[in-house]
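Each remark here refers to the structure printed beneath this line.
The values are calculated or read from the model by the stated rules, or taken from the named source; none is laboratory data. All figures in this text were calculated on a predicted structure; none of them were measured in a lab. Note that we place each Cβ from the backbone using ideal geometry, even for glycine, and neighbour counts take in every protein chain shown.
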Amino acid sequence: MAETASAAGAADGRRGFFVRLFWALAGAIGALVGVPVVGAFLSPALRPREKAQWVAVGPVASFGPEPRLGHHVHPSQEGWVNVTAEMQVWVVERPGGRFVIFDNHCTHLGCPYHWDAAARRFICPCHNGQFDINGTVVGGPPPRPLDYYETKTEGGVLYMGAFHRGGT
């Protein structure tokens with residue numbers, strides 16, 4: 001009888017060891033898989049914010065209260081490759097020498113729009129989105145006002161900075 005009890009105790013000891021070993025390995029594998037997944041979700045929040053780059057749009061004297069297209073060279077980084085592209089924005093001078101720079105894409109589906117001087121509206125020809133001179137939606141399907149950029153003037157030159165979504 002003593003042999004049976006000691007054999008049962010030895011079997012429980014081995015079984016307990018293998019159960020603990022299984023859970024330890026399962027925990028290690030879970031940590032090896034889980035840490036990178038959690039890191040991928042949290043890394044954007046932990047990454048330092050990039051400072052806005054001020055990009056020259058043109059001389060202040062070339063813009064007025066009537067919306068006018070401004071051209072700028074937009075720098076961007078795609079992976080390790082630095083890319084530049086010529087882009088367009090709409091510039092409107094406000095009273096007091098302040099400026100508003102609107103992104104040239106409709107907030108509905110991103111189509112480029114134009115200024116209709118007769119109607120005094122920005123009009124997107126694709127789906128008839130319409131915005132007033134302040135960028136507010138006055139017709140069509142766009143869900144929010146026009147997107148815009150921060151502005152500053154230095155030495156008679158107008159600069160654009162950080163991008164902002166319209167209506168926020």
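Close Cβ contacts (under 9 Å, 6 or more residues apart or on different chains) running from residues in the stretch 59-76 that are within 15 Å of residue 98 (Cβ to Cβ) to residues that are at pLDDT below 85 and of a type in the set (Gly, Ala, Ser) comprise 60/97.
Only one of the numbered conditions (1) surrounded by 13 or more Cβ atoms within 10 Å (Cβ to Cβ); (2) under 22 Å from residue 64 (Cβ atoms) is violated by residue 156, and that is (1). How many of the residues in the stretch 104-154 are within 20 Å of residue 93 (Cβ to Cβ) and in contact with a Gly (Cβ under 9 Å, 6 or more places away or on another chain)? The qualifying residues number 15.
Looking only at the stretch 92-114, decide whether some residue is free of Cβ contacts under 8 Å to residues at least 60 places away in the same chain, out of contact with any strand residue (DSSP E or B) (no Cβ under 7 Å at 6 or more places or on another chain), surrounded by fewer than 18 Cβ atoms within 10 Å (Cβ to Cβ) and under 15 Å from residue 146 (Cα atoms). Yes, the stretch 92-114 contains at least one residue that is free of Cβ contacts under 8 Å to residues at least 60 places away in the same chain, out of contact with any strand residue (DSSP E or B) (no Cβ under 7 Å at 6 or more places or on another chain), surrounded by fewer than 18 Cβ atoms within 10 Å (Cβ to Cβ) and under 15 Å from residue 146 (Cα atoms).
For residue 4, the criteria (1) within 18 Å of residue 153 (Cα to Cα); (2) modelled with pLDDT under 70; (3) of a type outside the set (Lys, Arg) hold in every case but one, which is (1).
For the stretch 141-168, the tally of residues that are at positive phi and touching a Phe, Trp or Tyr at 6+ places or on another chain (Cβ under 9 Å) stands at 0.
With a requirement of 3 or more residues that are within 24 Å of residue 56 (Cβ to Cβ) and among the charged types (D, E, K, R), the strands (runs of 3 or more DSSP E) lying completely within the stretch 67-168 that satisfy it span 81-94, 148-154.
Per-residue answers, yes or no, for (1) out of contact with any strand residue (DSSP E or B) (no Cβ under 9 Å at 6 or more places or on another chain); (2) modelled with pLDDT under 85:
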residue: 22; (1), (2): yes, no
residue: 28; (1), (2): yes, no
residue: 39; (1), (2): yes, yes
residue: 58; (1), (2): no, no
residue: 61; (1), (2): yes, no
residue: 66; (1), (2): no, no
residue: 70; (1), (2): no, no
